[in-house]
Amino acid sequence: RRISHNLMPGTLLKYGIAAALEEFCDEINYSGQISTTFQQFNVDEPIPEHTAFQIYRIAQELLQNVIKHAGAKEILVQLIDRNDQLILMVEDDGIGLPDDFEKKPGLGMNNLKSRVDLLDASLNFESHPGRGTTFTVIIPKNWN
């Protein structure tokens, strides 16, 4: 049941992407693994189900990577609706990315890039050794 919920959470279908991301962050908090904060700014639902699902899966991948690799104590997840773009930011206070990060993408990063491409979005990151990493996904709102 938990696996199927994580694949397509009912909250996403019923209440939208902002509520689903908040619920996912709350689940991470309750697990005690890492402190996770979710913020949303001006998110205008409804967002098409396909788009919302891809955003959710991108956020899942980014958060799971932070938990697994970053050694972070805190994660901040933001969903921002700005003009003709929806912006997903995942920021952590972990160890930063290795120097060869872009040269040796793993399965998770390849999966992430595929999902970003499906949305005609862009993926950027900024990493500071010992101070954390910020991933930013900019999704054009071309569904109107």
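The values are calculated or read from the model by the stated rules, or taken from the named source; none is laboratory data. Just so we're clear, the structure is a prediction, and the values are computed from it rather than from any experiment. With ideal geometry, Cβ positions are generated from the backbone for all residues, glycine too; neighbour counts draw on all protein chains shown. Ligands, DNA and RNA are stripped out before the accessible areas are found, and what is left, the full protein with its side chains, is counted by its heavy atoms. Shrake-Rupley method; radii C 1.70, N 1.55, O 1.52, S 1.80 Å.
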### Task
Place a +1 charge on the Cβ of each Lys and Arg in the chain and a -1 charge on the Cβ of each Asp and Glu, then give the dipole magnitude about the Cα centre in debye, rounded to the nearest 20.
420
### Query
Which of the trypsin sites (Lys or Arg not before Pro) across region 63-96 are loop residues per DSSP, with 14 or fewer other Cβ within 10 Å?
LYS73
### Sites excluded, chymotrypsin sites (Phe, Trp or Tyr not before Pro) in DSSP loops with at most 16 other C-beta within 10 Å, longest stretch of the chain
1-100
### Message
For the chain, what is the number of Lys pairs with C-alpha distance below 21 angstrom, counting only pairs 8 or more positions apart or on separate chains?
### Response
7
### Query
Angle, helix 49-65 long axis vs. longest principal axis of the chain, Cα atoms, 0 to 90°, nearest 10?
20
### Query
What length, rounded to one decimal in nm, is gained on full extension from TYR30 through to VAL43, with 0.36 nm per residue of separation minus their alpha-carbon distance?
2.2 nm
### Task
Would you rank LYS14, LYS113 by solvent-accessible area, highest first, keeping every protein chain in place and using a 1.4 Å probe?
LYS14, LYS113
### Summary
In deg cm²/dmol, rounded to the nearest 500, the helical mean residue ellipticity at 222 nm of the chain, built from -39500 (n - 2.57) for every DSSP H run of length 4 or more, is -12000 deg cm²/dmol
### Task
Mind running the shape call on region 15-144? Use the C-alpha gyration tensor, a ≥ b ≥ c as the square roots of the eigenvalues: rounded below 1.5 for a/c, prolate if a/b tops b/c, oblate otherwise.
oblate
### Task
Sort ILE17, ILE138, ILE95 from largest to smallest accessible area, using a 1.4 Å probe on the heavy atoms of the protein chains.
ILE95, ILE138, ILE17
### Task
Let me have the relative contact order for the chain, percent, based on Cα pairs under 8 Å that are six or more residues apart.
21
### Query
Based on the alpha-carbon gyration tensor of region 46-105 and its eigenvalue square roots a ≥ b ≥ c, which shape applies: rounded if a/c is under 1.5, prolate if not and a/b is larger than b/c, or oblate?
prolate
#### Entry: Of all accessible heavy-atom area on the chain, the percent that carbon and sulfur account for (1.4 Å)
48
### Query
Any idea what the dipole of region 50-94 comes to, in debye rounded to 20, about its Cα centre with Lys/Arg Cβ at +1 and Asp/Glu Cβ at -1?
160
### Task
Counting only heavy atoms of the protein chains, get the accessible area per residue of the chain (1.4 Å probe) and round it to a whole Å² value.
58
